[in-house]
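The values are calculated or read from the model by the stated rules, or taken from the named source; none is laboratory data. Quick caveat: nothing in here was measured; it's all calculated off a predicted structure. Cβ placement follows ideal geometry from the backbone for every residue including glycine, while neighbour counts extend to all protein chains displayed. Note: accessible area is taken over every heavy atom of the protein model, side chains too, but ligands, DNA and RNA are not part of it. Shrake-Rupley method; radii C 1.70, N 1.55, O 1.52, S 1.80 Å.
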Amino acid sequence: MIINGVAIDDTFAEAFGMRGIRLIITAYNETWALHSANALTGFATSVIACGAEAGIERMMSPDETPDGRPGVSVLVFAVSSKELIKQIERRVGQCVLTSPTSAIFAGLDEGDPVPLGKTLRYFGDGFQTSKQIAGKRYWRIPVMDGEFLVQDTARMVKAVGGGNFLVLADTQVQALEACEAAIVDMRKLPEIVMPFPGGVVRSGSKVGSKYKALSASTNDAFCPTLRGATKSELDERIGAVLEIVIDGLTDASVKKAMEVGMRAVCRIGAAGGIRRLSAGNYGGKLGQFQYHLREILK
Amino acid sequence: MSALTFTLRSAPAQRVDVGMLNPAALAGQAASDIAAIALNVGKRAVRADELFDITGDDTTDIVFRGDCRTLERIGAGMKSGRVTVDGDAGPYVGQGLLGGTITVAGSAGAFCATGMKGGRIDIAGNVGESAGGAIPGEMKGMAGGLLLVGGHAGDRLGDRMRRGQILVAGNAGDYCGSRMIAGTIAVAGSLGAYPAYGMKRGTLIFNALPAQMLPTIVDCGAHRLGFLSLLYASWKGLPGPFGALDAGACTVRRYMGDMAVGGRGELLVRG
């Protein structure tokens, strides 16, 4: 399959079942809501070492948020319910409770419970108060700028982590610009985040390492500087490879994001130095979800 | 089907407990069975059809007509459906209400909504003393649901209230929110003396300070409280002044008390 001069590899992205949650952070203005959201989703690129993968889903206007203030919708993913609950408690406690004027609410109505205010309320040292409004419980925790308003419980659902595609280009800059274009289009979609810096990752990994302590190591087959020294997947024209990783609340949302992203890359095409699209997988043995590139783009 | 309607033949001289004439208790009963239900008038047991003209057959929609001021416990304990009183009602309207709606076109007597846990009660007129309050011997008053009062409320509104919301469009009497444990009471009109007497937790929302405040209520200053925007938004569309509140107008003067009993309750004065 070739689209606009870009060869689509006959391969698939392998993704994993995760637990995902949507939270809505509001604040006095968009700037402060973003400060809090950026902190909460910071250092959350890969579950391998961060405990969670997270990102900003979208900005929310005051008429969309529970308390009528500007807001940010964030998605957080982890490998298990237990880990997600731990990550949410830490991240909300350190990054939202601490952020001036902030409030935080559940973004999903269905799913398994994740304590928010239920555990954070103890920061109030007995001065915290709860309010049940329209069937939902909230906690008001006194803080130095007034009150931190936090919903008692949020909801988490079964989700998908690790949808991906690789952009193979003539040069590093061409690969990067194509990925930037893809990210712009993908960020318009609901229920997904691209957790790496700017949505793009350069250090794709393979399972295992020559060093016993490491469970993953650089994907040498896609490293252009090793083309002649390893069993490379790259021909002599490929100068750089970048990857876009997608986490989503549903299988369909990840698939849609991959399609939108890959089509954006294909629009740039061979004229822009894009040669191939490929994907990362583990032979289909590890992940519950497979996203075949040619099926998605047909 | 038409509403099951109980029209009083004449106002009883003594109080009558009509708590069993609610949708859950009457569901599936034949008209003859409903007519034969024994109601106590003083020490005399009378058949329901001796007291009322009974028409209609929809047990989920019950209407009381006539001078109902001596009828007690209208809609008590009901779980769903609708009860309407076409005039004034007696005491204990909606006692222990779990769900459904009760609408009173006139006023209601004392202890309206006592022990209520869910559902909604609309009183177009006034309510007597201890609306949403605990009856003697009970540790808790209202424990959930919504009580809307279009007129005025008597003394001890929400006494020992545990949860739920009471919205009063008119004035409230003395000791509003006395011994309150939790929940929310809002009064649009003026207040009697000493609100929040013995109040442990919960929220009282007023438009103005009462004439007499307890010395154990302390001023915490004017603040913007974010939860009010959610609260006001949840009231949007309700009849009366609370349904039209601006959800963005969340700045209030906050008083805390009653410091004699822990002082975690709050009085919020708008404007």
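Among the residues of the stretch A:87-104, none qualifies, meaning not one is assigned to a loop (DSSP other than H, G, I, E, B), open to solvent by less than 50 Å² (accessible area, probe 1.4 Å), of a type outside the set (Asp, Glu) and more than 14 Å from chain B (Cβ to nearest Cβ). Just one of the numbered conditions (1) modelled with pLDDT of 95 or more; (2) in contact with an Asp or Glu (Cβ under 7 Å, 6 or more places away or on another chain); (3) under 26 Å from B:GLY115 (Cβ atoms) is not true of B:ASN40: (1). Of the set (1) more than 10 Å from every other protein chain (Cβ to nearest Cβ); (2) among the small types (Gly, Ala, Ser); (3) open to solvent by less than 10 Å² (accessible area, probe 1.4 Å), all apply to B:SER229 but (1). Any residue at all in the stretch B:72-82 that is in the same structural domain as B:GLU138 (by TED's automatic domain parsing), assigned to a strand (DSSP E or B), open to solvent by less than 10 Å² (accessible area, probe 1.4 Å) and modelled with pLDDT of 95 or more? The answer is no, given that none of the residues of the stretch B:72-82 is in the same structural domain as B:GLU138 (by TED's automatic domain parsing), assigned to a strand (DSSP E or B), open to solvent by less than 10 Å² (accessible area, probe 1.4 Å) and modelled with pLDDT of 95 or more.
Of B:ALA186, B:ALA193, B:ALA208, which residue is in contact (Cβ under 8 Å) with a residue 12 or more places away in the chain and either within 14 Å of chain A (Cβ to nearest Cβ) or outside any loop (DSSP other than H, G, I, E, B) (or both)? Criteria check complete, one pass: B:ALA186. Going through (1) at positive phi; (2) in contact (Cβ under 8 Å) with a residue 40 or more places away in the chain; (3) under 14 Å from the mean Cα position of the chain (by Cα) one by one, A:THR101 falls short only on (3).
Kindly indicate whether any position in the stretch B:40-54 is part of a loop (DSSP other than H, G, I, E, B) and in contact with a strand residue (DSSP E or B) (Cβ under 8 Å, 6 or more places away or on another chain). No, the stretch B:40-54 contains no residue that is part of a loop (DSSP other than H, G, I, E, B) and in contact with a strand residue (DSSP E or B) (Cβ under 8 Å, 6 or more places away or on another chain).
Does B:ASP246 meet the test of being within 14 Å of another protein chain (Cβ to nearest Cβ) and charged (D, E, K, R)? So B:ASP246 fits the description; yes. Evaluate the following for A:GLY208: is it surrounded by 13 or more Cβ atoms within 10 Å (Cβ to Cβ) and either under 17 Å from the mean Cα position of the chain (by Cα) or not acidic (Asp, Glu) (or both)? Here the answer is no, as A:GLY208 does not meet what is asked. Is it the case that the stretch A:275-285 has a residue that's assigned to a loop (DSSP other than H, G, I, E, B) and crowded, with 20+ Cβ neighbours inside 10 Å? Looking for residues that are assigned to a loop (DSSP other than H, G, I, E, B) and crowded, with 20+ Cβ neighbours inside 10 Å, one finds at least one in the stretch A:275-285, hence yes.
Yes/no per residue for (1) surrounded by 15 or more Cβ atoms within 10 Å (Cβ to Cβ); (2) assigned to a loop (DSSP other than H, G, I, E, B):
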residue: A:GLY42; (1), (2): no, yes
residue: A:ALA49; (1), (2): no, no
residue: A:ALA54; (1), (2): yes, no
residue: A:PRO66; (1), (2): yes, yes
residue: A:LEU75; (1), (2): yes, no
residue: A:GLU83; (1), (2): yes, no
residue: A:ARG121; (1), (2): yes, no
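Checked against (1) surrounded by 15 or more Cβ atoms within 10 Å (Cβ to Cβ); (2) outside the structural domain of B:LYS117 (by TED's automatic domain parsing); (3) not in a loop (DSSP other than H, G, I, E, B), B:ASP33 passes all but condition (1).
The residues in the stretch A:1-40 that are open to solvent by 20 Å² or more (accessible area, probe 1.4 Å) and not in a loop (DSSP other than H, G, I, E, B) can be counted, and the count is 15.
Give the residue that is farthest from the other protein chains (Cβ to nearest Cβ), with candidates limited to residues of the stretch A:123-155 that are among the aromatic types (Phe, Trp, Tyr) and not in a strand (DSSP E or B). Before you say what the answer is, go through the steps one by one.
Of all residues in the stretch A:123-155, those among the aromatic types (Phe, Trp, Tyr) come to A:123, A:127, A:138-139, A:148.
Pick out the ones that are also not in a strand (DSSP E or B) and you get A:123, A:127.
Working: A:PHE123: 16, A:PHE127: 8 Å.
Applying the filter and picking the extreme gives A:PHE123.
Screening B:GLY56 on (1) touching a Ser or Thr at 6+ places or on another chain (Cβ under 8 Å); (2) outside the structural domain of B:MET1 (by TED's automatic domain parsing); (3) open to solvent by less than 70 Å² (accessible area, probe 1.4 Å) shows it passes everything except condition (2).
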